[in-house]
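These notes are about the structure you will find just below.
What follows draws every value from the coordinates through simple rules; no lab data is involved. Bear in mind that the values here come from a model prediction, so they are computed numbers and not experimental data. No Cβ is skipped: glycine too gets one built from the backbone with ideal geometry, and neighbour counts run over all protein chains shown.
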Amino acid sequence: MMTSRQNRKLQILLLLFFLEFLMISQWARAQDKNSSSLNLVAASSNNFQPMNLLDRNGNLTGFGLLACFLWSTAFVAVKTGLEYSKPLSFAGIRFMLAGLLLLPFWWKISSPFRSLLSNLRTVLLIAFFQTFVLYGLLFLGMTRIPGALAAIIIGSSPMISAIVAHFLISDDKMSFSKVLCILIGIMGVFVISISRQPWSSPTGFSEFIGILLLLLGSLSSAFGNVIVAKDQGMDPLPLNSAQMFLGGLFLFLLSFPVEGVPTLAYPLEFYMALLWLVFISAAAFTLWFVLLKWPGVKFSELNLWKSVIPVSGAILSWMLIPEEHPNAVQLMGMVCVAASVLSFNMVGSRQRHKAEMTKQQDMPAAPCCKPDEVATCSQNL
């Protein structure tokens with residue numbers, strides 16, 4: 001017999017499944033609407049052309065927010081699954097299944113296996129940074145800290161991504177204003193970390209180690225995102241599917257010597273959480289990789305939408321996990337992190353708009369006639 005707490009979690013997970021079904025259905029309708037021009041998976045092995053998300057209705061922003069909202073719901077599901085499973089095997093199973101879930105969609109793509117083989121180094125690097133290291137550290141860290149705190153710390157990842165992009169992407173440099181925004185975010189993470197009082201008790205030190213693990217995971221994610229942003233030659237669907245499966249496989253194999261042979265005798269609550277995480281991985285990562293590959297979208301400014309993760313992730317954890325409750329320090333840290341990410345990207349948007357206006361003003365006016373029509377034009381004057 002399930003307890004009332006387990007029944008409540010099952011009802012919540014079913015509600016999340018329903019919400020995701022509605023959002024993915026909206027995505028599919030938008031994809032069909034744009035299929036006459038550019039298609040999400042209509043790509044050759046040499047040149048990827050993503051779906052035309054930049055339409056008049058601002059679907060680009062909508063899909064970015066959708067991906068981040070899906071990620072923000074993951075913290076509750078991860079904490080639920082970790083009540084029954086070891087972290088590495090849990091993460092490995094999640095991403096192997098998520099990678100396999102996308103396989104049926106490969107048939108729409110021209111020569112996906114040839115594309116994978118020709119880009120094998122890129123796939124392996126992304127699998128290592130984006131799945132193996134990031135989620136290995138994330139799941140290990142979440143065994144030590146509450147879900148709401150994890151959401152706030154992960155919400156600072158755009159700051160780390162901006163720093164990495166500054167050194168690795170030539171046209172994505174930080175200005176003085178952006179540096180100030182990053183310092184605000186760092187201050188928020190610092191305040192939260194010190195509030196755990198790592199020097200006072202073993203529990204506080206364990207939570208401090210958990211925070212460090214999540215920050216290292218965010219650093220790994222930043223390197224993975226840079227690789228995706230720089231590589232424009234591969235369709236995001238097989239790329240995401242392959243990197244998730246390989247990264248999950250590496251995590252699952254690592255779990256044997258570290259955690260022992262995993263058992264599968266878990267209650268229904270665990271499998272509901274696992275299925276939710278599988279769907280999140282397949283949908284959110286594919287959306288995000290499409291956005292990262294979109295021409296003209298800057299990697300650091302794309303992280304604007306990640307400002308919703310610490311807010312919605314923490315609120316969902318406080319609402320749905322009975323043991324977790326907000327306190328003043330966490331709220332202050334959450335506000336600092338979210339405000340810094342939002343301010344950072346607002347500054348970036350203003351700078352980009354100003355640069356575009358300057359570029360348009362510097363462009364020479366187009367001639368009224370073609371060169372071979374000058375004589376005719378002069379006669380008509």
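Would you work out which of F75, N225, N327 lies farthest towards the positive end of the dipole of segment 52-353, given +1 charges on the beta-carbon of Lys and Arg and -1 on that of Asp and Glu, about the Cα centre?
It is N225, whose Cα lies furthest towards the positive end.
Just to be sure I follow: if Rg is taken over the C-alpha atoms of segment 52-353 and Rh is the Kirkwood radius over the same atoms, what is Rg/Rh? Mind dumping the intermediate values first?
Working: Rg = 18.6 Å, Rh = 19.5 Å.
Value, to two decimals: 0.96.
Kindly put D171, D231 in sequence by how many other C-beta atoms sit within 10 Å of each C-beta, fewest to most. Working shown, then result.
Values: D171 7, D231 18.
Listing D171, D231 from fewest to most nearby Cβ atoms yields D171, D231.
Give the distance, in whole Å, between the Cα centre of segment 100-160 and the Cα centre of segment 223-272.
Computed from Cα coordinates, the inter-centre distance equals 6 Å.
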